[in-house]
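Below is one structure, written out as structure tokens; the observations come after it.
The values are calculated or read from the model by the stated rules, or taken from the named source; none is laboratory data. What you see is a predicted model, and the numbers here were worked out from it, not measured in a lab. Quick note on the areas: whole protein, heavy atoms, side chains included, nothing else; ligands and nucleic acids left out. Shrake-Rupley method; radii C 1.70, N 1.55, O 1.52, S 1.80 Å.
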Amino acid sequence: MGANVAHKFRTGLKPQAFVESMTKNQDTYQNWSDAFSWEDEQDRAFFASLQHRDDLRCLILAAEWCGDVVRNLPVVLHALKETDMPVEIMVMEEHLDLMDEFLTMGGRAIPVVIFADTGGHVLAKWGPRPKHVQAVMTAFKQQNPDRNATDYEDKIKVARAQMLEQYGEGTGYQQVIVKELRELLSSI
């Protein structure tokens, strides 16, 4: 990936401190967190097997106001808790320099989960949402490149509604995130 994030190590919040500091969406965040369960013990065992990998670090760009953070961060944190990997939450507004290194299609979309080695070299990233949900936004951006178009706001509302449909009603999307993170971490 080429980027180095060593200068950001030890500048973020521990996950619990981030959750406790939430003044918006904390109840919704907690509901998604409480709803998490391991549907596949092999997935849980995979994440636990990373406990011997003392060379990995994780920085997560997030903000409490973001619906994707509130929905997806609990899943990421449950999975990473099994690894004992050092994890820090970087509040986006306090780390815009880092955010701007990890744009999604030119925009600031969160959460962004950054995996690095102990030297800060970025090995992989995930986010801001599961691939099948992100596909809706990708298609929208390709079909609507002009943010100043008169119908842009109306069209993005439709795209956001379609993304919610892709997430689905229950917690099935959570297992998708677990699988995507497992695939990503298996490659580094």
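Here Lys81 is the anchor, and the lysines within straight C-alpha reach of less than 29 Å, apart from those fewer than 8 places off in the same chain, are Lys8, Lys14, Lys24, Lys125, Lys131, Lys179. Compared with the direct C-alpha span, the chain from Glu169 to Asp154 gains 3.1 nm at full extension, assuming 0.36 nm per residue. Only Cα pairs under 8 Å and 6+ residues apart enter the sum, and on that basis the relative contact order of segment 127-185 stands at 45 percent. Measuring only protein heavy atoms, the 1.4 Å probe finds Thr150 accessible over about 140 Å². Residue by residue, segment 77-83 carries 3J(HN,Hα) couplings of 5, 4, 5, 6, 4, 5, 8 Hz when phi is fed to the Karplus relation 6.51 cos²θ - 1.76 cosθ + 1.60 (θ = phi - 60°); x denotes Gly or Pro. Please work out the Cα center distance from segment 145-188 to segment 50-98, rounded to the nearest Å. If we compute the Cα centre of each part, the gap is 18 Å. Proximity of backbone amide H atoms, modeled 1.01 Å from N, is registered between Ala124 and Phe115 at under 5 Å, excluding neighbours fewer than 5 places apart on the same chain.
Normalising the average separation of contacting C-alpha pairs (under 8 angstrom, six or more residues apart) by the number of residues puts the relative contact order of segment 48-123 at 46 percent.
Springs between Cα atoms under 10 Å define the GNM used for the chain, and in it the highest mean-square fluctuation of Tyr152, Tyr173, Tyr29 occurs at Tyr152.
Taking Pro111, Pro145, Pro130 as the candidate residues, the one with maximal mean-square fluctuation in a Gaussian network model of the chain, Cα springs under 10 Å, is Pro145. When DSSP beta bridges are restricted to pairs lying wholly in segment 44-188, around 70% turn out antiparallel. Need one word for the chain: rounded, prolate or oblate. Basis is the Cα gyration tensor (sqrt eigenvalues a ≥ b ≥ c); a/c below 1.5 gives rounded, then a/b vs b/c decides. Cα axes put the chain in the prolate bin. Could you tell me whether segment 70-167 comes out rounded, prolate or oblate from its Cα gyration tensor? Rule is a ≥ b ≥ c as square roots of the eigenvalues, rounded for a/c under 1.5, then prolate if a/b exceeds b/c, otherwise oblate. The shape class here is prolate.
Every helix of 4 or more DSSP H residues in the chain counts as -39500 (n - 2.57), and over all residues that averages to -14500 deg cm²/dmol at 222 nm. Averaging the sequence gap over all C-alpha pairs within less than 8 Å and six or more residues apart, then dividing by the number of residues, gives segment 112-153 a relative contact order of 24 percent.
Shape analysis of segment 7-70 places it in the oblate category; the axes a ≥ b ≥ c from the Cα gyration tensor give an a/c of at least 1.5, with a/b not above b/c.
Note on the chain: GNM, Cα springs under 10 Å; of Asp97, Asp151, Asp54, the largest mean-square fluctuation is that of Asp151.
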